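Working notes for the structure below.
The values are calculated or read from the model by the stated rules, or taken from the named source; none is laboratory data. In this text the structure is predicted, and so the values were computed from the model without any measurement. Every residue, glycine among them, receives a Cβ derived from its backbone with ideal geometry; neighbour counts consider all protein chains shown. Just so you know, the surface numbers come from the protein's heavy atoms only, side chains and all, with ligands and any DNA or RNA stripped out. Shrake-Rupley method; radii C 1.70, N 1.55, O 1.52, S 1.80 Å.
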Amino acid sequence: MKRNLIILIFTIVSQAALGQTLNYEVIKGSKKLGDMTVKRKLSQNEVKYEINSKVTFRILFSFTVDYESTSEYQYGKLIKEYTHNQLNGSTQKKSTIWFDGEKYTLDLDGIRTTMKDQIDYSVATVYFEEPKDRQKVYSPQFGQYMTFNSIGEHVYELESPDGLNIYTYTNGICTEVKVNRDFAKFAFVMTPESLIAVKTKKIVGGSQVVD
């Protein structure tokens, strides 16, 4: 009995240390434009997220958009999040927000502001944690809260300054994001391998912090 418990604890800790990865393809029509990976690493009271995507469009000419984001949560509270957008290798937007124990400081493209509201749900978490209807999500990239609206069973609409996104969830995990922009419509679609892991609950959505 004791031996089995030790093995179980070791397995859980090992999986947390290794983290979990969701893989997506960026699709427009039947054409693949790029890839995105979303990683979550768990520890005893901390969750770290890392998002990387690369998308290449051709509208009169070719341009490539690179996006990266890293964030750290402790006991369910955002401690730090960084985002960086590049267009053809040049920085278009960069943001960092961090908590100093009393307030958040946001550095958005070199302009600093502060806020005291606790952030427990930010853009980095939406892939692993299904929102509720009318749930607010904080975006350091835009320096503001946005609101999820339920438009179907496990389907949500999110309006941002860039345009409209529609998120679909399975077992608490985001499996598809439809993106509507002035210049194009495309989607982040989970790869078959990741989808199998989600459907068989090898990767489970929701907060995974261990007290």
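One table, with the values for the structure above:
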| read-out | value |
| --- | --- |
| Scope region 153-174; condition outside any strand (DSSP E or B) and in contact with a helix residue (DSSP H, G or I) (Cβ under 7 Å, 6 or more places away or on another chain); matching residues | Asn171 |
| Check on Val177, open to solvent by less than 80 Å² (accessible area, probe 1.4 Å), at negative phi and in a loop (DSSP other than H, G, I, E, B) | no |
| Among (1) modelled with pLDDT of 95 or more; (2) not in a strand (DSSP E or B) - the single one Gln44 does not satisfy | (1) |
| All positions within region 95-104 that are at pLDDT below 95 and either among the small types (Gly, Ala, Ser) or under 17 Å from the mean Cα position of the chain (by Cα) (or both) | Gly101 |
| So Thr91, is it within 24 Å of Thr125 (Cα to Cα) and loosely packed, with under 13 Cβ neighbours inside 10 Å | yes |
| Test: residue in region 142-152 that is closer than 21 Å to Tyr121 by Cα, of a type in the set (S, T, N, Q), in contact with a Lys or Arg (Cβ under 7 Å, 6 or more places away or on another chain) and outside any loop (DSSP other than H, G, I, E, B) | yes |
| Scope region 57-88; condition in a loop (DSSP other than H, G, I, E, B) and open to solvent by less than 60 Å² (accessible area, probe 1.4 Å); matching residues | Gly76 |
| Every residue from region 182-211 that is out of contact with any Asp or Glu (no Cβ under 8 Å at 6 or more places or on another chain), of a type in the set (Val, Ile, Thr), at pLDDT 80 or above and part of a loop (DSSP other than H, G, I, E, B) | Thr200, Ile203, Val204 |
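Condition check ((1) among the β-branched types (Val, Ile, Thr); (2) at pLDDT 95 or above; (3) open to solvent by less than 60 Å² (accessible area, probe 1.4 Å); (4) within 28 Å of Lys199 (Cα to Cα)) across all residues:
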residue: Asp107; (1), (2), (3), (4): no, yes, yes, no
residue: Arg112; (1), (2), (3), (4): no, yes, no, no
residue: Gln118; (1), (2), (3), (4): no, no, no, no
residue: Val137; (1), (2), (3), (4): yes, yes, yes, yes
residue: Gln141; (1), (2), (3), (4): no, no, yes, no
residue: Met146; (1), (2), (3), (4): no, yes, yes, no
residue: Ile151; (1), (2), (3), (4): yes, yes, no, yes
residue: Tyr156; (1), (2), (3), (4): no, yes, yes, yes
residue: Ser160; (1), (2), (3), (4): no, no, yes, no
